Amino acid sequence: NGAQIKMPVSGEIVYESIVDEKLQDAIIDFAIKHELYVQVYDNDEIVVEELDLKAHPDPDLKFTGYRETHGMEALKGIKTPKILLATSPKLVPAIQNELENEYGDIAYFAQSEAHLIEVMNKGVNKGIALDKLASILNIERDEIMALGDNTNDLLLLEHAGTRISVANGVEKLKKIATYVCTKERADGFNEAIRKFVLNKE
């Protein structure tokens, strides 16, 4: 969600925003109170109290390892670019509203899936990260194509010249998109690459 930019070949981190320690402690205490599933990140390792694939069937586990702390308090103090909270989708709106009211002045909240709330420092989002990356690569906004599917991608698309929503994207995203794919998820990504990068219909 824009908290870290890492070069894919070298692995060099060229930008990173670590969650403020006091904010992290407060969010974990909030999660304990509301019995939420919590996930933080230690470099490329996923860290949880106890892995629960029913609470969060994380596809990232295909690409990286994880460790369990066997206690929520142990999640405090881990330098992480974001905190992921998982709960029942029907509870997410009320919980996110409470978080916004309590910590909205110091935190940015994003939703990438119906059951998730992701927490970053205030001033962190995909749009700002995209601008930073464009500056590093010395490319202009009209040279950039961005693709997304959920509300956490709104600012990403707003900072790109060509704005793509895959077919399963939320309505807010489709409204600002310059093109809405006919296909969903990875197939939609492939469709956009073929159409706008490879110029193949």
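In table form, for the structure just shown:
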{"read-out": "Count of residues meeting criterion [open to solvent by 10 Å² or more (accessible area, probe 1.4 Å), part of a strand (DSSP E or B) and under 21 Å from residue 93 (Cβ atoms)] in region 35-56", "value": "1"}
{"read-out": "Residue 126 being within 17 Å of the chain's Cα centre (by Cα), closer than 21 Å to residue 52 by Cα and in contact (Cβ under 8 Å) with a residue 60 or more places away in the chain", "value": "no"}
{"read-out": "Any hit, region 77-86, residues being of a type in the set (Lys, Arg) and surrounded by 16 or more Cβ atoms within 10 Å (Cβ to Cβ)", "value": "yes"}
{"read-out": "Selection status of residue 45, within 15 Å of residue 35 (Cβ to Cβ) and among the charged types (D, E, K, R)", "value": "no"}
{"read-out": "Any hit, region 130-137, residues being in contact with a helix residue (DSSP H, G or I) (Cβ under 6 Å, 6 or more places away or on another chain) and surrounded by fewer than 20 Cβ atoms within 10 Å (Cβ to Cβ)", "value": "no"}
{"read-out": "Scan of region 181-201 for residues that are part of a helix (DSSP H, G or I) and either open to solvent by 50 Å² or more (accessible area, probe 1.4 Å) or of a type in the set (Phe, Trp, Tyr) (or both), ordered by number", "value": "185, 186, 187, 189, 190, 194, 195, 196, 197"}
{"read-out": "Number of positions in region 110-122 that are open to solvent by less than 80 Å² (accessible area, probe 1.4 Å) and either modelled with pLDDT under 95 or part of a helix (DSSP H, G or I) (or both)", "value": "4"}
{"read-out": "Conditions (1) open to solvent by less than 60 Å² (accessible area, probe 1.4 Å); (2) touching a strand residue (DSSP E or B) at 6+ places or on another chain (Cβ under 7 Å); (3) basic (Lys, Arg): number failed by residue 126", "value": "(2)"}
{"read-out": "Residues located in region 29-79, provided they are touching a Lys or Arg at 6+ places or on another chain (Cβ under 8 Å) and hydroxyl-bearing (Ser, Thr, Tyr)", "value": "41"}
{"read-out": "Sole residue being within 24 Å of residue 149 (Cβ to Cβ) and basic (Lys, Arg), chosen from 6, 76", "value": "6"}
{"read-out": "Complete set of residues in region 158-180 that are in contact (Cβ under 8 Å) with a residue 24 or more places away in the chain and not in a loop (DSSP other than H, G, I, E, B)", "value": "158, 162, 164, 173"}
{"read-out": "Residue that is farthest from residue 72 (Cα to Cα) [pool: residues in region 36-54 that are touching a residue at least 40 places away in the same chain (Cβ under 8 Å) and not polar (S, T, N, Q)]", "value": "41"}
{"read-out": "Output for region 1-34, where each listed residue is touching a Ser or Thr at 6+ places or on another chain (Cβ under 9 Å), in a loop (DSSP other than H, G, I, E, B) and either open to solvent by less than 40 Å² (accessible area, probe 1.4 Å) or not aliphatic (A, V, I, L, M) (or both)", "value": "1, 2, 3, 19"}
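The values are calculated or read from the model by the stated rules, or taken from the named source; none is laboratory data. Since the structure is predicted, the reported quantities are computational estimates derived from the model, not experimental observations. No Cβ is skipped: glycine too gets one built from the backbone with ideal geometry, and neighbour counts run over all protein chains shown. Just the protein is used for accessible areas: all its heavy atoms, side chains included, with ligands, DNA and RNA removed. Shrake-Rupley method; radii C 1.70, N 1.55, O 1.52, S 1.80 Å.
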